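Read through the structure below, which is laid out as structure tokens, and then see the notes.
Every read-out reported here was derived from the displayed coordinates using simple, explicitly stated rules and does not represent laboratory data. Everything numeric in this text was worked out from a predicted model, so none of it was measured. As a convention, Cβ positions derive from the backbone with ideal geometry for all residues, glycine included, and neighbour counts pool all protein chains shown.
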Amino acid sequence: MEEKLRIIEKDARQAMASAGSLEELNEIRLKYLGKKGELTQVLRGMGALSAEERPRIGQVANEVRASIDQELAARTTVLKELAIGQRLKEEGIDVTLPGVPVLRGGRHPLSIVSEEIQTFFLGLGYSIADGPEIETDYYNFEALNLPKDHPARDMQDTFFINNQTLLRTHTSPVQVRTMEKMAPELPVKIIVPGKVYRRDDDATHSPMFSQVEGLAVDRRITFSDLKGTLDLFAREMFGPKTKTRFRPSYFPFTEPSAEVDISCVMCGGKGCRVCSHTGWLEILGSGMVHPQVLEVSGYNSEQVTGFAFGMGVERITMLKYGIDDLRVLFDNDLRFLQQF
Amino acid sequence: MYISYNWLKDFVELDIPAQELADRLTLAGIAVESVTALGEGIEKVVTGQIETISPHPNADKLVITRVNTGEEKLQIVTAATNVSEGDVVPVALVGARLAGGFVIKRAKLRGVESLGMMCSGQELGIDSKTMPADQAHGIMILPPGTPLGRDAKEVLGLNDYILELDLTPNRGDCLSIIGVAREVAALTGKPFHLSEPTFPELEEKIDGQVQVDIEAPDLCRRYIARLIKNVRIGRSPLWMQSRLRSAGMRPISNIVDVTNYIMLEMGQPLHAFDYDQLVDHHIIVRRAGEKETMVSLDNVTRELNPDMIAITDPSGPVAVAGVMGGLTSEVTDHTTAILLESAYFNPVSIRRASKTLGLRSEASIRFEKGIDIGGCLRAVNRAAQLIYEMGAGEVVSGTVDNYISPVTEKTVLFRPARATHVLGMEVTRSKAAEILSNLQFKTQEAGEDLLVTVPSHRVDVGREEDLIEEVARLYGYHQVPATLPYGPTTHGVKTREQSFRSLIADTLAATGFNEVVTYSFTNPGVFDLMNLPGDSPLRYTIKIENPLSEKHSVMRTLLLPGLLEVLANNFSRRVQNGAIFELGRIFMPIEAGTCEERTVLAAAAMGRAEGSWNTPARELDFYFLKGVLENLFRVLGTAAASFLPESANPSFHPGRTALIEAGGRRLGLAGELHPKVLEKYELPERVVAFEIDLDALFYVSGQPRVYRPLPKFPGMERDLAVVVKKETPAADVLEVIRNTGGELLSTVDLFDIYWGEQVPEGFQSMAFKLKYQAGDRTLTDAEVSELTAAIAAKLSERFGAGLRS
């Protein structure tokens, strides 16, 4: 009997070692270890053995069983490896083929830039305010220290609805509207994104364009705060090496007023075609809120100061993306829009 | 405004180069757009006199001249026709360089040697618009007596730099050489000098010879007249012509040139009348009458109105003050006596008059910004001096000076503490006083503060902030430190509505839509394009009074036409597939002049989503659009929306359009555009679109999200296919299934629609996947089968639906 077991052990192990596939191996397993398998058959004959022989043969049988199991496990591992290897070999695909197309959409570059500007100022604690696009002469001009027949009205060629109503020429009326609502509460810190309109249509002017206005009013807002805020903004928007330059200018609703230039984003200030060889690019107008504007909005200009600034989103967008033609922004060619 | 560097030197010492001066002015708020070197690159051009002109033996159109350049006599062949023997002209010698880099070489013209060239103004870089009319297109002829052999650049004032200023509207004072010179002096610390004009006067007095009455003192606060006799009209001297040219003006005649010269130098426009043409030698300044007329210098009959200031004599208007002179009193070659006017006119009146008449002159530009009322007398005296010096006339003694309530000087308190507070930078009283006095302000200490007297030429300064700005800009903005506002931290947040808009835009962008920006004004013709009936309320628009064109003349009441135009433009450029959206305002009139601005979300799509080697292309059809909206509503947390058939909107396909409702509100429309609309826009056969009111959408969105525990027990699925009449809406079938399935039916998906073989004509098969789920137990096969059968029975009862296996 022992001999029989050893033969089974030897045959089974040999057969298993030479099995070529997991299926074949399984058949071999059934042949020896299955319910009707050879080993099982032999072990059924154990009952006929004497009491002395039974434990010894039992031990041999266990050894044989363990030996076959071991071989089975070893061969299974090898065959699994082989099978996976084979499968991987057969399943290669051309990864350079294009992927499944996704319908491509996106935000308009003007929105992207406007939101980027808003996000920066949200981080500095500004809230976003809004106002009508069809505005009264009062909010668009009068309240901003631009009475009728003021020569500075020529700076903003206006679309009129009637003699008291117009398309707002800037987002600045929202300064007054917001302050009127809030006065005498402090601080006022708002950002006003929006569309504005001027009667101008040529290669560098669109009759409708976008501005972002900013206003900060509090007890101790200074011109130096304006400089610091816009300096930070310029670096955030155009990169950490961006320098700013503040030039005295004139807006009826701010004083002192400043035009703000940044070092040219193309040449870094060395001078190139984009900056007309000056090294500087004008990006926004700003200043300390004119006392008259604070007063008409309900604040005491002796106790409260503020700064305001306004920028054209088109200009900043063009600089950021290297767009050299204003008109493509309003042309809405999908081949353009899909670049953003 | 063009400023000559050399002319500035008459009033202030300049020891910095023109470019540096330009930079410093710019940083002080007087923006210099450009600096141009006149005569740059021009070399070896001298003055020469034509001694003889003789015919060319081989050419009819050429002549041979002999030109004396002082040192030598040159033979020059020329085709010029406007020269005569004795004329002094600029001569380019052999080796000379002219404007544009043109080099003069020794040449033979039709066999005759030519040793140089006579020059036109353009060849010397002079704009033909600033040349006397008779020399605009020929050789430049210099006044007789011009010394020979001199560098023509020097003689013509071309060794100069021109600063082009881009002035802000408040700085009318810098529309003059002396105004800029004052700025330069303040910036460089060099003294500004302005001497009083001196000249001999005739013994005869002006008194009794000129009468001036101001009948509209609110419009004219000062009017000075001076009388010049023995006038000899001719050309002005070359130096004056050159200076006028440097400012872009064309020399006309000595008297006119003097008035222009004074305007450029001092900012005071002058007007010269032919004294003998003024009836009774009597000037009356008054409001023009309604519909009063005057023939202006350019021989056009102008209609005046009472907003305008008329300079009149007893017979009627002789000039529209500050805007345009009249023809009858114009200075002509026969004029022998002139009345010079130097006046201050109301800026608003001048502005209105120049707008109404459509005439913007160098004079009106200055008057409307407010000129220096204290400088009127000096200006007219300076003119008299120049006229005398150039021998153009003799000055009658005295002036008539009507000065209504001479202005008391403005004084403003300047508090250094306030300046420090506003600027965020220490401003000391002494530094401020220094800066202000360099700018010709008078200062006087008043405790800690300064009492500042504003000079009359600074009409823009009237309050403390103006002075703070003066101090800051002269100090230099670069000196101001950069700080951040100090104070309690504020919370910067978007309102819910602002975040809502961003979320919509981002979601649509992520589902394949490109955001567009279209104009808020539109063409009234779009309502026809949109197939809207004549009485559609959408045709009631806000109109722009002064549109750029009819195309942009009314405010939009719909967003869709703009989007369709965008698709049409793309389509015409062979971009045939695409989906776009816009979040923008529409403008609905309420009553005269007022309107409601509503924000609308609109989208449109045409063509298809391109497929690929393993993906079929997908039509961008109604169901695509609906899927996008369903996804959007899910992201926005919108109340359950229903899409109800809508066949009444004339812009949309009556069988492929849905009205969208949610939470009991009407949100808008989604559907395929009407074929008539597509045809008018020249769009492809099918375009889908939606337009949704943002307020309504906002109102029904943002439903709170509440967590539902995940099922603990396994669910069960059944497929159910029913055959119903083709016109049965899926929504109705689904509703019956849901109602019958009750709580245990967790989801139902319509996964197939089929008609054709095995389905009777006029019917369709709808296949649903039903998922059952109980929260508290495992469902049994039996109860699920029973429920499904109940659903089938109900469908059969309701729609006569048959089961299909």
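At-a-glance table
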| item | result |
| --- | --- |
| Footprinting exposure proxy for B:SER342, B:SER354 (fewest neighbouring C-beta atoms within 10 Å first) | B:SER354, B:SER342 |
| Whole-angstrom gap from the stretch B:153-177 to the stretch B:339-411, using each part's C-alpha centre | 20 Å |
| Principal-axis tilt of helix B:254-266 within chain B, Cα atoms, nearest 10 degrees | 60 degrees |
| Amide H within-cut-off set for B:VAL331, under 5 Å, with H built and near neighbours excluded | B:ASP274 |
| Separation in nanometres of the label points that stand 7 Å from Cα toward Cβ, at B:ARG666 and B:TYR754 | 4.0 nm |
| Dipole of the stretch B:211-403, positive end: most advanced residue of B:PHE367, B:SER315, B:ILE255 [Cβ charges, Cα centre] | B:PHE367 |
| Exposure proxy ranking, count of Cβ atoms within 10 Å, fewest first, for B:VAL46, A:VAL217 | B:VAL46, A:VAL217 |
| Cross-link partners of B:LYS190 among lysines (Cα-Cα below 16 Å; sequence separation of 8 or more within a chain) | B:LYS9 |
| Placed amide H near B:CYS595: partners under 5 Å, 5+ positions off or other chain | B:ILE590 |
| Ratio of the Cα radius of gyration of the protein assembly as shown to 2.2 N^0.38 Å, where N counts its residues | 1.39 |
| Cross-link pairs B:LYS153/B:LYS369; B:LYS205/B:LYS442; A:LYS243/A:LYS320 - those with Cα-Cα distance over 25 Å | B:LYS153/B:LYS369; B:LYS205/B:LYS442 |
| Length-normalised contact order of chain A in % [C-alpha pairs under 8 Å, at least 6 apart] | 15 percent |
| Principal semi-axes in Å for the stretch A:109-337 [√(5λ), Cα gyration tensor, largest first] | 27, 22, 16 |
| Trypsin sites (Lys or Arg not before Pro) within the stretch A:32-119: DSSP coil, no more than 12 neighbouring Cβ in 10 Å | A:LYS35, A:LYS36 |
| Per-residue ³J(HN,Hα) for the stretch A:292-300, Karplus 6.51 cos²θ - 1.76 cosθ + 1.60, θ = phi - 60°, Hz, x for Gly and Pro | 4, 5, 4, 5, 5, 8, x, 10, 7 |
| Under Karplus coefficients 6.51, -1.76 and 1.60, residue-wise ³J(HN,Hα) of the stretch B:439-455 in Hz, glycine/proline x | 8, 6, 7, 9, 10, 9, 5, 9, x, 6, 10, 10, 9, 10, 9, 8, x |
| Helical contribution to [θ] at 222 nm, DSSP H n ≥ 4, -39,500 (n - 2.57), averaged over chain B, rounded to 500 | -7500 deg cm²/dmol |
| Selected from B:SER746, A:PRO109, B:ALA417, residue furthest toward positive end of dipole (the protein assembly as shown; charges at beta carbon) | B:SER746 |
| Inter-site label distance for A:MET1 and B:ARG97 at 7 Å from Cα along Cβ, in nm | 12.2 nm |
| Within the stretch B:592-691, GluC sites (Glu not before Pro) in DSSP loop having at most 15 other beta-carbon neighbours inside 10 Å | B:GLU610, B:GLU682, B:GLU685 |
| Residues listed by number, the stretch B:728-756, amide nitrogen under 14 Å from B:LEU644 label point at 7 Å toward C-beta | B:732 |
| Which of A:GLN86, A:CYS275, A:HIS150, positive extreme of dipole for chain A (C-beta unit charges) | A:GLN86 |
| FRET efficiency for B:TYR699 and B:ASN614, using Cβ-Cβ distance with R0 set to 56 Å, rounded to 0.05 | 0.80 |
| Chain B, dipole about Cα centre (Lys/Arg Cβ +1, Asp/Glu Cβ -1), debye to the nearest 20 | 1680 debye |
| Size of charge dipole - the protein assembly as shown - debye, nearest 20, with Cβ of Lys, Arg +1 and Asp, Glu -1, no other charges | 3220 debye |
| Pairwise centroid distance, computed over Cα atoms, of the stretch B:675-691 with the stretch A:174-203, Å | 38 Å |
| In the stretch A:16-148, lysine pairs with alpha-carbon atoms under 27 angstrom apart (chain gap of 8 or more, or interchain) | 4 |
| Relative contact order (percent, whole number), the stretch B:43-155, Cα cutoff 8 Å, 6+ residue spacing | 31 percent |
| Cysteines having no other Cys beta carbon under 4.7 Å from their own, within the protein assembly as shown | B:CYS119, B:CYS174, B:CYS220, B:CYS376, B:CYS595 |
| Cut-off under 5 Å, modelled amide H: who pairs with B:MET118 long-range | B:ALA92 |
| With 10 Å bins from 0: P(r) over the stretch B:139-267, alpha-carbon pairs, percent | 9, 27, 34, 23, 7, 1 |
| Most mobile listed residue (A:ASN300, A:ASN62, A:ASN162) in chain A, GNM with C-alpha springs under 10 Å | A:ASN62 |
| Nearest-0.05 FRET efficiency for A:ASP69 and B:ARG718, computed from C-beta distance (R0 51 Å) | 0.65 |
| Test item: Cα-centred dipole of the stretch B:231-284, Lys/Arg +1 and Asp/Glu -1 on Cβ, debye | 380 debye |
| Degrees between helix B:622-636 axis and first principal axis of chain B (Cα, 0 to 90, nearest 10) | 80 degrees |
| For the stretch A:53-59, 3J(HN,Hα) per residue [Karplus equation, 6.51 cos²θ - 1.76 cosθ + 1.60, θ = phi - 60°, Hz, x = Gly/Pro] | 6, 3, x, 5, 5, x, 5 |
| Cα-projected label distance for B:ARG496 with B:GLN75, points at 7 Å along beta-carbon direction, nm | 9.9 nm |
| Loop GluC sites (Glu not before Pro), the stretch A:290-340 (other Cβ atoms within 10 Å of the site Cβ: 15 or fewer; DSSP) | A:GLU302 |
| Antiparallel content of DSSP bridges confined to the protein assembly as shown, in %, to 5 | 95 percent |
| Relative contact order for chain B, counting Cα pairs under 8 Å that sit 6 or more residues apart, in percent | 8 percent |
| Nearest 10 degrees, 0 to 90: helix B:560-572 Cα axis against chain B principal axis | 80 degrees |
| For the stretch A:100-142 and the stretch B:66-111, distance of Cα centres in Å | 65 Å |
| Per residue convex hull volume, Cα atoms of the stretch B:312-403, in Å³ | 130 Å³ |
| Reach of B:LYS725 by Cα under 21 Å, taken over lysines that are not fewer than 8 positions away in the same chain | B:LYS769, B:LYS794 |
